[in-house]
Amino acid sequence: MGRYFGTDGFRGEANNGLNVEHAFKVGRFLGWYYGKDHKASIVIGKDTRRSSYMFEYALVAGLTASGADVSLLHVTTTPSVAYAVRTEGFDCGIMISASHNPYYDNGIKIINGNGQKIEAFIEEQIEDYIDGKIAELPYATKEDIGCATDFSAGRNRYIGYLISIPSRAFKNKTVALDCSNGSASAIAKSVFDALGAKTIVINNQPNGTNINTNCGSTHIEVLQEFVKNNQVDVGFAYDGDSDRCIAVDENGNIVDGDSIMYVCGTYMQEKGQLHGDTIVTTVMSNLGLYRALEKKGIKTEKTAVGDKYVCENMMANGYSLGGEQSGHIIFSKYATTGDGILTSIMVMETMVEKKMALSELTRELKIYPQILINVKVTDKVAAMEDKDLLAEAALVEKELGDTGRLLLRSSGTENLVRVMVEAETDELCKTMAERVAAKLDKYKI
């Protein structure tokens, strides 16, 4: 965790925690850093927040002032920026988005030349430049000043790439898509229509302030209700920048990231496509997933929370599939980041190939009851080191034994401490989680 950059970029309330001067300086540094021995070329995408335009212009000003040329994808998804970087030869990519956060937040995600989250040492140097610990960088002059050009064609190439992935069409399948009034609104329906599905889209009318508002993957109940009332085969909900996906089966039941990894992972194993018979998860994945995968002979590796860490593990070991319970799923054959639309395509392909409904594909997976309590605190570092909290956590872990587990962690992007408990009953989960959360009362905002 850096001073500004968390597990998913530099994020904060627009013009409060993250302002245009920050964005300008990020642009200034990246343009200089990548332009030391050649003219830097950088691609930018943004989500539908009102402030995304403001940050786009600030970044462009900083980048071109340092001599970089900028290609603008405009409103697009985070994975499309990663795709453009690795296929079009850009030095790096920038996505302006706060993902699933409310519209008044925003963020700057930086993607390296391999299409992965930027290295921590570069983030540290950007932070030093923002804080004045690095001498002022030279401005480009005369013909060395950079320029910005339209690159909406890059988004169309990404759409074409997604359409090329499935081996079968989705004819005779009715699919509901909740686009969260975010980036998927510009892409998802085109992909599913081209693949032959009867596509019904909701929450695809962004106005700058309705992104993630009572819609998308963080408000899955909206899609659940829609699926139940409209007799569709499956539903998919994305977040603001479409790097995550949560599914809903034909009965309106939630199929989260853990369940998606089970469905796709077991299918990939059957096809001989699951390298090392291993799936990479984070520590947040459900005990039920591990036990179900073990029965199928599938091994798992656990990382810290964040698709960045999942991706690092996958790339280091050549694994094919990994992800998070929250819906960030990485299929390394096709992408270097979580990709919500790609994930929904892979679930659809599994359904079509196996000729099974999503409810059938998840039948053998028994998810343990789980509760997550998010406590807003004044100082998450001090809270996580509190002796009373740690003592109570140790006691709860001992009482749960091998029939459940406790996970205590601070958020990588907000002033939150998260208390997660899995146990055999909902009541036991609630009791144990509340016991631990109560020890945070002294730090509550």
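On a full-extension model of 0.36 nm per residue, what is the gain between residue 382 and residue 271, subtracting their alpha-carbon distance, rounded to one decimal in nm?
On the way: separation 111, 0.36 × 111 = 39.96 nm, distance 4.84 nm.
Fully extending the segment from residue 382 to residue 271 adds 35.1 nm.
Considering the dipole of the stretch 167-238 built from charges on the beta carbon (Lys and Arg +1, Asp and Glu -1) around the Cα centre, which of 237, 209, 174 is farthest to its positive end?
Looking along the dipole axis, the top candidate is 174.
Could you give the length gained on full extension between residue 301 and residue 424, defined as 0.36 nm per residue of separation minus the Cα-Cα distance, in nm?
Details: separation 123, 0.36 × 123 = 44.28 nm, distance 2.33 nm.
Full extension of this stretch gives 41.9 nm more.
Would you mind checking 198/296; 308/380; 117/387 for any pair whose Cα atoms are more than 31 angstrom apart? Numbers along the way, then the final one.
Numbers: 198/296 33 Å; 308/380 21 Å; 117/387 35 Å.
198/296; 117/387, as the Cα separations exceed 31 Å there.
So how far, in whole Å, is the C-alpha centre of the stretch 155-220 from the one of the stretch 91-115?
So the two Cα centres are separated by 20 Å.
Out of 54, 259, 161, whose Cα points farthest toward the positive end of the dipole of the chain (charges: +1 Lys, Arg; -1 Asp, Glu; placed on Cβ)?
Of the options given, the answer is 161.
For the stretch 297-303, just list the computed ³J(HN,Hα) in residue order, Karplus coefficients 6.51, -1.76 and 1.60, θ = phi - 60°, integers in Hz, with x standing in for Gly and Pro.
Running phi through 6.51 cos²θ - 1.76 cosθ + 1.60 with θ = phi - 60° gives x, 9, 8, 9, 10, 10, 10 Hz.
Using the crude model of +1 on Lys and Arg Cβ and -1 on Asp and Glu Cβ, and no other charge, please compute the dipole size for the stretch 313-445 relative to its Cα centre, in debye to 20. If you can, show how the numbers build up before the last one.
Details: 17 positive and 21 negative charges, 41 e Å.
I would put it at about 200 debye.
In whole percent, what relative contact order does the chain give with Cα contacts below 8 Å and a gap of six or more residues?
So the answer I get is 13 percent.
What is the dipole size for the chain, taken about its Cα centre, with +1 at each Lys and Arg Cβ and -1 at each Asp and Glu Cβ, in debye to the nearest 20?
On the way: 47 positive and 59 negative charges, 139 e Å.
With Lys and Arg at +1 and Asp and Glu at -1, about 660 debye.
If we sort 345-357, 49-61 on the protection proxy, mean other Cβ atoms within 10 Å, highest first, what's the order? Show your work: numbers first, answer last.
Details: 345-357: 18.4, 49-61: 21.8.
So the order, starting with the most tightly packed, is 49-61, 345-357.
From Cα pairs below 8 angstrom and at least 6 apart in sequence, can you work out the relative contact order of the stretch 165-361, rounded to a whole percent?
On the way: 432 pairs, mean separation 39.9, N = 197.
The value is 20 percent.
Quick check on packing: order 233-246, 315-328 by the mean number of other C-beta atoms within 10 Å, highest mean leading.
Details: 233-246: 30.4, 315-328: 21.8.
Peptide ranking by packing, descending: 233-246, 315-328.
Contact order normalised by length for the stretch 18-170, with contacts defined as Cα pairs under 8 Å and 6 or more residues apart; what percent is it? Walk me through the intermediate numbers first.
Working: 292 pairs, mean separation 42.2, N = 153.
With pairs under 8 Å counted, the relative contact order is 28 percent.
At a Cα cut-off below 19 Å, give the lysines reachable from residue 295, other chains included and same-chain residues fewer than 8 away excluded.
Candidates past the 8-residue exclusion: 271, 366.
Report, in debye and to the nearest 20, how large the dipole of the stretch 370-443 comes out about its Cα centre when Lys and Arg carry +1 and Asp and Glu carry -1 on their Cβ. Spell out each step's value before the answer.
On the way: 11 positive and 15 negative charges, 54 e Å.
For the stretch 370-443, the charge dipole is close to 260 debye.
Set Lys and Arg Cβ to +1 and Asp and Glu Cβ to -1, take the dipole of the stretch 370-443 about its Cα centre, and tell me which of 394, 411, 378 lies farthest positive.
378
Rounded to the nearest 500 deg cm²/dmol, what is the calculated helix-only ellipticity per residue at 222 nm for the chain, with -39500 (n - 2.57) per DSSP H run of length n ≥ 4?
Values: 15 runs with 169 residues, N = 445.
Here the helix-only value at 222 nm equals -11500 deg cm²/dmol.
Only bridges whose two residues both fall in the chain count here: according to DSSP, what percent of them are antiparallel, nearest 5? Write down the numbers at each step before the final one.
Working: 34 of 65 bridges.
If we restrict to bridges inside the chain, about 50 percent are antiparallel.
Each value in this text was obtained by applying a stated rule to the coordinates, not by laboratory testing. If you're wondering where the values come from, they're calculated on a predicted model, not measured in any experiment. Cβ: placed from backbone, ideal geometry, glycine included. Neighbour counts: every protein chain shown.
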